[in-house]
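Chemist: Next up is a structure, given as structure tokens.
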Amino acid sequence: MSSVKQRQTVLVGSVGLSALLVGSLVGGLAMWRSAREQMRDPAFLRMQLESVSPESDSPDAGSPPALVRVGVARRKAIQPQRPIIGRLVEVRKATLASEVTGKIVDLPVEEGTPVVADKTVLARIDDVWCSLALERCQTQEASIAARLDFERLELQRQQQLSDRGAISQSELQSKQATVDELEASLAGCRIAQKEEGERVQRSEILAPFDGTVIAKHAELGGHVLPGTPIVDIVSRGQVDARLMVPESVVNLVSLGQVLPIRVDPLGDEVQGKVVSVTPYGPTASRTFPVRVRFDDQQGRLKVGMSVTALIAMGPEREALVVSKDAVLVRPDGSTVWVAVAGEAEQAAEVQPVPVQISARMQQEYAVEPETERGRQLLAPGAQVVVEGAERLMPGQQVRIVTLDGGPDEVAGPSRSRRQPRPITPQDSAGGRTGDEES
């Protein structure tokens, strides 16, 4: 490309870019003038203010009613309880070991095998050497017994000769010593027989109590020595819940006390008796081990399952109770939304009631309204929102639905305001009040 063409190309590009910049400047100036004129127009400003007015967000602005589910506030006797987390542990656990030396010739159990006390064979050790030693002891016993009989007869003869002065006293004493030695050897041989017989008997390892095999430490054909572990078993029939109870609660637990225990994986609740309170616990956690014993429910409860125990924190008392789902707990306080009846038939609206939580149960909270107005709204029998309260506003119209999803209370637009009253179960069923009938 020649230098003339390059200059023409550069010139054309420069002209186009300049035109673009000039056009943008003119367009921006026109938009600024238009916005300036709109800001001076009172009608335009009034329309903008109306579009952002808070009145447009009011519950009576025609927005559809919110869907909520409700529960009933009740006054009843409660006993504050504190949950303590624990786990199931075995009542007894044993490691069965060999008491003799030899090869394992039978190991009929596996992990998970149930065993019966003094009946189930856990392992058999080869007893051939013990049997041979027992036979050897029996042979030695017969030999010593025969010699002892002869020496006793000789002692009697020498006693007669000594009486006649035919032998010396030292000869008689020597024969007596021989008899005593043979008698001691015979007694030692009999003890050796018992020892070898005990080894033969203990070559068969039996279960010491009813339980289940949980681990194997040896296999068929292995050689063991005295003290070599064979299997581990844990007891069955009863099981303990081991709880680490905080120091602030441990004095509320006593031996023999009955505690409710919830087995978390099964969802079952059982009653157990406190069998031990250890007065020594880890320094860092400030907790103390407590064992609660109960039946293992025919093997349904397994060692290692997590449990939750409920420990009473005080005596029973009367309190206003709502579902724990009805209480919105925030850093600035707790709130319960109460469904109150509006003016129109089947109309319902919600009002917030600040409350203080006086006790926490597993599924319910005991609450106390903070204001007089709240005590009027949140009374026994009032319906409280248990689902859908996160985005409610005071006075908002709501539709109460049942657990099957059907409408239970449909809100209508209220044209006038009056003193709201708590909605009752008869209102939620669609019944009319005496004021509405009049």
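Chemist: Would you point out which residue out of Val200, Val213 is within 30 Å of Val128 (Cα to Cα), touching a Gly at 6+ places or on another chain (Cβ under 7 Å) and either of a type outside the set (Ser, Thr, Tyr) or surrounded by 13 or more Cβ atoms within 10 Å (Cβ to Cβ) (or both)?
Modeler: It is Val213.
Chemist: Can you tell which of Asp41, Asp106 is of a type in the set (D, E, K, R) and either in contact with a His (Cβ under 9 Å, 6 or more places away or on another chain) or at pLDDT 90 or above (or both)?
Modeler: Asp106
Chemist: Now for a separate question. Which condition does Arg147 not pass, out of (1) modelled with pLDDT of 90 or more; (2) surrounded by fewer than 16 Cβ atoms within 10 Å (Cβ to Cβ); (3) of a type in the set (D, E, K, R), if it passes all the others?
Modeler: Result: Arg147 passes all but (1).
Chemist: Say whether the condition of being acidic (Asp, Glu) and either surrounded by 13 or more Cβ atoms within 10 Å (Cβ to Cβ) or not assigned by TED's automatic domain parsing to the domain that holds Pro282 (or both) is met by at least one residue in the stretch 242-253.
Modeler: no
Chemist: For Arg190, only one of the following conditions fails: (1) touching a residue at least 60 places away in the same chain (Cβ under 8 Å); (2) more than 30 Å from Gly237 (Cβ to Cβ). What is its number?
Modeler: Here Arg190 meets the rest and fails (1).
Chemist: With the requirement that a residue be among the small types (Gly, Ala, Ser), under 30 Å from Ala382 (Cα atoms) and at pLDDT 90 or above, what does the stretch 294-323 give you?
Modeler: Matches in the stretch 294-323: Ala319, Ser323.
Chemist: Now for a different question. Kindly evaluate Val338 against the criterion of being in contact with a Leu (Cβ under 7 Å, 6 or more places away or on another chain), of a type outside the set (D, E, K, R), in a strand (DSSP E or B) and within 20 Å of Asn251 (Cα to Cα).
Modeler: So Val338 fails the test.
Chemist: Failed condition for Ala359, given (1) farther than 14 Å from Val70 by Cβ; (2) in a loop (DSSP other than H, G, I, E, B); (3) modelled with pLDDT of 50 or more, with all others met?
Modeler: Condition not satisfied by Ala359: (2).
Chemist: Can you name every residue in the stretch 301-311 that is out of contact with any helix residue (DSSP H, G or I) (no Cβ under 7 Å at 6 or more places or on another chain) and surrounded by 13 or more Cβ atoms within 10 Å (Cβ to Cβ)?
Modeler: Result: Leu301, Lys302, Val303, Met305, Ser306, Val307, Thr308, Ala309, Leu310.
Chemist: Another question about this same structure. Please give the strands (runs of 3 or more DSSP E) falling wholly within the stretch 180-281 in which 2 or more residues are under 19 Å from Pro114 (Cα atoms).
Modeler: Answer list for the stretch 180-281: 204-206, 211-216, 229-235, 238-246.
Chemist: Between a first residue in the stretch 320-337 that is more than 11 Å from Val353 (Cβ to Cβ) and a second residue that is in a strand (DSSP E or B) and of a type in the set (Phe, Trp, Tyr), which pairs have beta carbons less than 6 Å apart while being 6 or more apart in sequence or on different chains?
Modeler: Lys324/Tyr365
Chemist: So, one more: Which condition does Ile311 not pass, out of (1) more than 30 Å from Val401 (Cβ to Cβ); (2) without any contact (Cβ under 8 Å) to a residue 40 or more places away in the chain; (3) of a type in the set (A, V, I, L, M, F, W, C), if it passes all the others?
Modeler: Failing condition for Ile311: (2).
Chemist: I'd like the full set of residues that are touching a Ser or Thr at 6+ places or on another chain (Cβ under 7 Å) and hydrophobic (A, V, I, L, M, F, W, C), limited to the stretch 134-158.
Modeler: Across the stretch 134-158, the qualifying residue is only Ile144.
Chemist: Return the residue satisfying two criteria in turn: it lies in the stretch 316-333 and is of a type outside the set (A, V, I, L, M, F, W, C) and not in a strand (DSSP E or B), and of such residues it is nearest to Gln79 (Cα to Cα).
Modeler: That would be Glu316.
Chemist: Right, next: Out of the residues in the stretch 150-187 meeting the condition of being touching a residue at least 12 places away in the same chain (Cβ under 8 Å), within 25 Å of Ser131 (Cα to Cα) and of a type outside the set (Ser, Thr, Tyr), tell me which one is surrounded by the fewest Cβ atoms within 10 Å (Cβ to Cβ).
Modeler: Here the answer is Glu183.
Chemist: Would you pick out the residues in the stretch 217-232 that are among the aliphatic types (A, V, I, L, M), farther than 16 Å from Trp129 by Cβ and out of contact with any His (no Cβ under 7 Å at 6 or more places or on another chain)?
Modeler: Once the filter is applied, which keeps residues that are among the aliphatic types (A, V, I, L, M), farther than 16 Å from Trp129 by Cβ and out of contact with any His (no Cβ under 7 Å at 6 or more places or on another chain), the stretch 217-232 yields Ala218, Leu220.
Chemist: Can you go through Cys130, Cys137 and tell me which one is assigned to a helix (DSSP H, G or I), crowded, with 18+ Cβ neighbours inside 10 Å, in contact (Cβ under 8 Å) with a residue 60 or more places away in the chain and on the phi < 0 side of the Ramachandran plot?
Modeler: Checking each option against the conditions leaves just Cys130.
The values are calculated or read from the model by the stated rules, or taken from the named source; none is laboratory data. Quick caveat, the model's predicted, so the values are computed rather than measured. Methodologically, a virtual Cβ is constructed for each residue, glycine included, from the backbone with ideal geometry; neighbour enumeration extends over all protein chains shown.
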